[in-house]
Amino acid sequence: MKALYLTLLLAPAFSFSAEGPPRVSAQQFVDLQQGNTDFPGFRRAHAKGICVSGEFRANGQLADYSKASLFKTGATPFTGRLSIAGNNPTAPDLKAPVRSMALSFASSRTEQWRLAMNTPPVMAVADPHTFYQQIQAIQAGPAAVKQFFAAHPESSEFLTWAGQYQATGSFAAETYYSINAFYLVNADGKQQAVRWAMQPTVSVAATDLTAPDALQQEIAARIAADQVVFDWVFTLADATDDENNPTKAWPDSRQQIIAGQLVLTGTTPQLEGDCHAINFDPLVLPDGIKATADPILRARSAAYAESYRRRAKEQLQGALEGSNNE
Amino acid sequence: MSNTDRFSLSMRLFHWGMAALVLSMVAAGLLMVTSLQTWQLTLLNIHKAFGVVAILLVTARLINRLQHKLPALPDELADWQKTVAKASHWLLYILLFAMPVSGYLMQYFAGRPVDVFGWFRLPAALQVDIYNYALFRELHGWLALALIGMIALHIGAALHHHFIRKDNVLKSML
């Protein structure tokens with residue numbers, strides 16, 4: 001039975017012979033992300049983070065574009081998470097190349113929305129199988145990375161961003177991008193392709209912080225003192241933009257709409273907070289938001305589910321019992 | 001052939017209709033947990049929506065079965081074989097109920113409302129419960145393997161009756 005199951009599991013990986021990189025499965029992808037070191041009970045990617053809570057205060061500007069209840073004027077609470085890239089839940093905050101914001105809006109029992117956003121505005125590659133090779137190159141070292149990017153001209157916009165990006169001294173001062181595009185769907189059924197960003201309202205210079213948990217300590221102290229606010233900015237595609245290609249930014253001239261403000265009012269260590277239990281699969285969408293056919297976006301559900309299944313099973317088996325947040 | 005030599009038309013329709021549905025669901029399930037292709041999300045949503053169809057069908061099927069007289073098993077079968085045959089069929093029914101129920105509960109505890117063909121949504125927990133998610137996720141997987149095993153046994157037994165025992169058991173469902 002196990003052999004049969006394995007054969008069926010692996011079948012999709014071999015059942016196509018299209019051009020391009022070898023096809024990988026969700027299991028292979030998560031295996032690569034988690035690497036050789038096990039951190040049972042933790043996320044396989046972006047393992048280190050801190051729970052945040054607060055609310056989104058909508059100004060109603062987006063309500064004509066999407067029927068999602070969230071965009072009607074008013075406030076919707078969220079459970080969120082600020083994290084850094086990597087598989088190690090104890091990694092030093094300041095070493096990570098990417099910072100992230102994830103949100104979960106449980107508007108009602110039938111309408112939930114998960115968002116997973118990162119500091120880069122675009123992906124270096126356009127499909128999950130090439131992304132797998134990019135991660136392999138990153139794990140192999142700088143020479144492999146250089147070789148990888150040379151072979152993938154589609155990474156040019158990502159490299160331009162990476163060349164000028166300056167990490168700030170706070171989670172509160174970063175811009176977090178949806179990267180992938182989605183469709184807003186309004187009450188008349190009209191679709192509009194959009195990307196969005198959470199834009200900071202403070203600037204914090206990169207400091208000479210050195211503590212391993214510097215960013216977590218900074219954001220906890222900052223939110224304890226005062227709320228932290230982001231503008232939720234939507235960029236509307238026009239007919240010439242390709243909403244299915246996450247490597248290409250849309251021109252700055254595209255219409256932008258501020259849907260409201262995201263207000264962070266609390267932090268909790270992740271193992272004590274509500275965010276740890278959540279799979280921030282960005283394909284959990286409310287009525288009024290739809291996924292595009294972007295191959296990276298479409299790959300996220302299966303990969304997130306595999307990571308979630310592994311750590312949930314470990315947690316059920318007691319992996320996190322008696323552990324503190326580290 | 002008297003009426004009870006063969007399953008009623010409604011029972012045969014339920015049997016073969018659900019056979020097609022269950023095999024498609026199993027294939028879809030095994031594909032969608034591994035695939036990173038763009039159709040994965042579509043398949044995932046179809047799988048969940050058809051889970052609702054499956055539980056409605058198996059409920060109707062059970063009610064229908066309880067209202068019909070079944071063809072008797074061949075007299076040549078030993079008592080223990082008849083017991084195994086009956087038990088295996090009830091086990092199949094239990095699995096046909098347990099699959100959609102465990103599938104829905106894993107979605108429920110993960111806080112993922114199930115969209116049913118855009119008509120309506122099944123509710124999900126407002127607060128995610130990772131322990132119950134893990135429990136029902138693993139259960140759904142193990143029950144799927146048990147179902148695949150039982151279906152293989154079921155098909156094997158039907159072919160055994162037809163080609164080796166040369167009795168009327170398979171024909172009674174055709």
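The values are calculated or read from the model by the stated rules, or taken from the named source; none is laboratory data. Everything numeric in this text was worked out from a predicted model, so none of it was measured. When we count neighbours, we look across all protein chains shown, and the Cβ atoms used for this are built from the backbone with ideal geometry, even at glycine. Note: accessible area is taken over every heavy atom of the protein model, side chains too, but ligands, DNA and RNA are not part of it. Shrake-Rupley method; radii C 1.70, N 1.55, O 1.52, S 1.80 Å.
Values for this structure:
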{"quantity": "Which numbered condition A:Ala91 misses (of (1) open to solvent by less than 30 Å² (accessible area, probe 1.4 Å); (2) of a type in the set (Gly, Ala, Ser); (3) at pLDDT 95 or above)", "calculated": "(3)"}
{"quantity": "Subset of the range B:107-125 that is part of a loop (DSSP other than H, G, I, E, B) and farther than 17 Å from A:Ile278 by Cα - its residue that is nearest to the other protein chains (Cβ to nearest Cβ)", "calculated": "B:Gly118"}
{"quantity": "Pair list, Cβ under 7 Å, 6 or more apart: the range A:120-139 residue away from chain B (no Cβ under 14 Å) and more than 18 Å from A:Ala96 (Cβ to Cβ), other residue charged (D, E, K, R) and open to solvent by 40 Å² or more (accessible area, probe 1.4 Å)", "calculated": "A:Val122/A:Glu157; A:Val122/A:Lys248"}
{"quantity": "Some residue of the range B:6-28 being within 12 Å of chain A (Cβ to nearest Cβ), under 19 Å from A:Leu283 (Cα atoms) and without any contact (Cβ under 8 Å) to a residue 60 or more places away in the chain", "calculated": "yes"}
{"quantity": "B:Ile148 vs. criteria open to solvent by less than 70 Å² (accessible area, probe 1.4 Å) and either modelled with pLDDT under 95 or under 20 Å from B:Leu43 (Cβ atoms) (or both)", "calculated": "yes"}
{"quantity": "Pair list, Cβ under 9 Å, 6 or more apart: the range B:152-172 residue of a type in the set (Asp, Glu), other residue not in a loop (DSSP other than H, G, I, E, B)", "calculated": "B:Asp167/B:His161"}
{"quantity": "Hey, B:Val114 buried (at least 17 other Cβ atoms within 10 Å of the Cβ), modelled with pLDDT of 95 or more and of a type in the set (Val, Ile, Thr) or not", "calculated": "yes"}
{"quantity": "Check on B:Gly51, within 30 Å of A:Ser307 (Cβ to Cβ), away from every other protein chain (no Cβ under 14 Å), open to solvent by less than 60 Å² (accessible area, probe 1.4 Å) and under 17 Å from the mean Cα position of the chain (by Cα)", "calculated": "yes"}
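Residues checked against (1) more than 8 Å from chain B (Cβ to nearest Cβ); (2) under 17 Å from B:Leu36 (Cα atoms); (3) open to solvent by 30 Å² or more (accessible area, probe 1.4 Å):
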position: A:Ile289; (1), (2), (3): yes, no, no
position: A:Leu297; (1), (2), (3): yes, yes, no
position: A:Ala302; (1), (2), (3): no, yes, no
position: A:Ser307; (1), (2), (3): yes, yes, no
position: A:Leu316; (1), (2), (3): no, no, yes
position: A:Ala319; (1), (2), (3): yes, no, yes
position: A:Gly322; (1), (2), (3): yes, no, yes
